[in-house]
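What follows draws every value from the coordinates through simple rules; no lab data is involved. Everything numeric here is computed off the predicted structure, so don't read it as measured data. Positions of Cβ are generated from backbone atoms using ideal geometry, with glycine treated the same way; all protein chains shown enter the neighbour counts.
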């Protein structure tokens, strides 16, 4: 993932005729914090926080708890976050954090201890004006609430602007849970508007029907009933119904802890078969590298929406683009989460609490401007949307 991110930045930098030195300066990581967290139970866990670039504002980026977390992954995600915040016009930088752990192997007490010790180590390097972390893979509002509480204890800061993704009762923003999925729908609709297709009936499939994928589907169903969800996949299996799947029913199944494998709601297919369906839009909301050189030739979708980070590797991206597939890049498509995180931070700093309608209107404004900007760059320089998004980001970082 790090190689792909760096390659995209170098490619965009060359389009802008930047020198090698200027490009390397954009790639340069400002700070890396690598440390060990020892729990009272005796477990020892490797932890990270990478702060890539803060030219536009405080570092911003999630914290993930996952057994496969390593330094290269965190570096890549921090770098991509710098590109994302710049591409959508936020006054924030890019950072990322993680702990190499399977949180399911921890008791609730251990999980809280881990969360608090993570903050105890990092608190001199984070804060409302320095670095504002948020939840990511396997972290949630409960974990962030523990972290905010610990930061308040060790720093004395009471604004709660030190972290975003908090519970609403603890200073979190309304609309945050659905923000990433909603943002993907907004970004896709703006792309379709530009092509005169937004009101046309279209079919789509979602790979990765978790939090992001399920909100994408339910928001789309409420706002664009002419879009027909015909397939959805989770980590166990995919469901297919050419007549259309009920997004709300699928969301209820997942919220109740259910899985698609064994579900009687529709015909079961494999996730690989879902990727090869003849749909207008393929939404990739699972993990990175869902499409690689091994399966790229199977893709029949006309548009791909990258709701996960890096779901298409570089080889597959170039192949699909050469075939005329339009790829709505992750640093735009999945930026709804960081946009509403920014809006949460603003509310905390001002001591305000906005209603969900106001939050969603501001989210739509940011994403509409971002997509229109990327489309303009794409037309201006005759590049695909991914390269255009990185060019838009680098122009702001290099100004």
Protection-proxy order for peptides 293-302, 58-67, 194-203, each taking the mean of Cβ atoms within 10 Å per residue, highest first: 58-67, 293-302, 194-203
Exposure proxy ranking, count of Cβ atoms within 10 Å, fewest first, for 188, 375: 375, 188
Residue-averaged 222 nm ellipticity for the chain, from DSSP H runs of 4+ at -39500 (n - 2.57), nearest 500: -14000 deg cm²/dmol
For the chain: relative contact order, % (alpha-carbon pairs under 8 angstrom, 6 or more apart): 17
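Tell me the relative contact order for the range 244-399 as a rounded percent, counting alpha carbon contacts under 8 Å between residues six or more apart.
Computed value for the range 244-399: 15 percent relative contact order.
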Label-point separation, residue 142 to residue 353 (7 Å along Cα→Cβ), nm: 2.2
Residues listed by number, the range 206-244, amide nitrogen under 17 Å from residue 252 label point at 7 Å toward C-beta: 214-215, 217-219, 221-222
Part-to-part distance (alpha-carbon centres) for the range 246-266 and the range 27-93, which is given in Å: 33
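Could you give the semi-axes, largest first, of the ellipsoid that matches the chain, computed as the square roots of 5 times the alpha carbon gyration tensor eigenvalues and rounded to whole Å?
After scaling each eigenvalue by five and taking roots: 31, 26, 20 Å.
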Centre separation in Å (Cα based) which lies between the range 149-228 and the range 268-301: 22
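Arrange the peptides 124-134, 24-34 so that the one whose residues have, on average, the most other Cβ atoms within 10 Å appears first.
124-134, 24-34
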Neighbour-count order for 72, 177, fewest beta carbons within 10 angstrom listed first: 72, 177
Square roots of five times the Cα gyration tensor eigenvalues for the range 18-160, Å: 27, 17, 12
Residue order, fewest to most surrounding Cβ atoms within 10 angstrom, among 192, 372: 372, 192
